[in-house]
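J.: A single structure is presented below for examination.
The values are calculated or read from the model by the stated rules, or taken from the named source; none is laboratory data. Treat the numbers as computed from the prediction; the structure is a model and nothing was measured. In case anyone asks, the SASA skips ligands and DNA or RNA and just uses the protein heavy atoms, side chains included. Shrake-Rupley method; radii C 1.70, N 1.55, O 1.52, S 1.80 Å.
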Amino acid sequence: NAFTPNGDKVHDTWEINNIELFPEASIKVYDRWGRLVFHVDSGYQNDWDGTSNGRELPMDTYYFVIDLNTGDDPLTGTVTIVR
């Protein structure tokens, strides 16, 4: 699970397949030190561009928690930024 936010309009954002089916989903992304670098409380639009507070994040693997708010356990995994 990787994306390349380099401005070429190909894989510039983190796309989560079928996330639009879960409009109440919350998403949190953490760096390797456990710092929250991205979050959305609901309505993710496949628009995370690998930045945090307006600054480009370095090439690395990040850890995500996706709560679909369906009563099921959250989904967890990794996403890699390739620059």
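J.: Name the long-range amide H neighbours of Asp60: under 5 Å, sequence gap of 5 or more, or other chain; modelled H, no Pro or chain starts.
T.: Ile81
J.: Distance between the C-alpha centers of region 28-46 and region 50-78? Whole Å please.
T.: Centre-to-centre distance over Cα atoms comes out at 4 Å.
J.: Shape verdict for region 1-58, please, from the Cα gyration tensor: rounded (a/c under 1.5), prolate (a/b greater than b/c) or oblate.
T.: Numbers: a/c = 1.98, a/b = 1.14, b/c = 1.74.
Oblate shape, in that a/c is at least 1.5 and b/c is the bigger or equal ratio.
J.: Please say if region 44-83 is rounded, prolate or oblate, where rounded means a/c under 1.5 for a ≥ b ≥ c the square roots of the C-alpha gyration tensor eigenvalues, and otherwise the choice is prolate for a/b larger than b/c and oblate otherwise?
T.: Prolate shape, in that a/c is at least 1.5 and a/b is the bigger ratio.
J.: HN-Hα J couplings of region 69-83 from phi, Karplus 6.51/-1.76/1.60, θ = phi - 60°, integer Hz, Gly and Pro as x?
T.: Using θ = phi - 60°, the values come out as 6, 10, x, 7, 4, x, 8, 10, x, 10, 9, 10, 9, 10, 10 Hz.
J.: So for Leu68, Leu21, what's the accessible-area order with a 1.4 Å probe, most first?
T.: Numbers: Leu68 40, Leu21 115 Å².
The ranking, largest first, comes out as Leu21, Leu68.
J.: Scan around Asn6 for amide H atoms under 5 Å from its own, H built in the peptide plane at 1.01 Å from N, and keep only partners 5 or more places away or cross-chain.
T.: Amide H neighbours of Asn6, under 5 Å, 5+ apart: none.
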